[in-house]
Amino acid sequence: MPNSRSMPQVAAGASELRVRDTHGIYRVFYYTASTQGVLVFHAFVKKTQRTPPLEIEVAGKRLKELLNA
């Protein structure tokens with residue numbers, strides 16, 4: 001699987017970066033379509049195969065807050 005992929009379930013233009021190390025698996029959501037540059041707006045430790053719906057919901061709220069600020 002690629003290290004980064006689009007995450008339209010979060011928002012149009014949002015992407016997910018996948019990071020794995022000896023301590024675990026991590027996910028970082030970011031947005032590149034901003035005039036402010038790359039917005040990194042949510043990160044979490046991945047514990048299940050699927051991205052938990054709560055993490056998607058939190059990410060969507062945080063991105064909206066950043067874009068409307």
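The values are calculated or read from the model by the stated rules, or taken from the named source; none is laboratory data. Every value quoted in this text rests on a predicted model; they were computed, and no experiment measured them. So basically every Cβ, Gly included, is an ideal-geometry build from the backbone, and we count neighbours across all protein chains shown. Please note that ligands, DNA and RNA were not included when accessible areas were found on the heavy atoms of the full protein model with its side chains. Shrake-Rupley method; radii C 1.70, N 1.55, O 1.52, S 1.80 Å.
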Tell me, yes or no, whether segment 55-69 has at least one residue that is among the aliphatic types (A, V, I, L, M), touching a Ser or Thr at 6+ places or on another chain (Cβ under 6 Å) and exposed (fewer than 12 other Cβ atoms within 10 Å of the Cβ).
-> no
Pairs where the first residue, in segment 45-63, is among the aliphatic types (A, V, I, L, M) and the second is open to solvent by 100 Å² or more (accessible area, probe 1.4 Å), C-beta under 7 Å, 6+ apart | 56/9
Do any strands (runs of 3 or more DSSP E) lying entirely in the chain carry at least 1 residues that are among the charged types (D, E, K, R) and touching a helix residue (DSSP H, G or I) at 6+ places or on another chain (Cβ under 8 Å), and which ones are they?
-> 24-34
Filtered residue count, segment 34-54, keeping only those that are open to solvent by 100 Å² or more (accessible area, probe 1.4 Å) and of a type in the set (D, E, K, R) | 2
Using the structure shown, decide if residue 31 is of a type in the set (Ser, Thr, Tyr), under 11 Å from the mean Cα position of the chain (by Cα) and crowded, with 17+ Cβ neighbours inside 10 Å.
-> yes
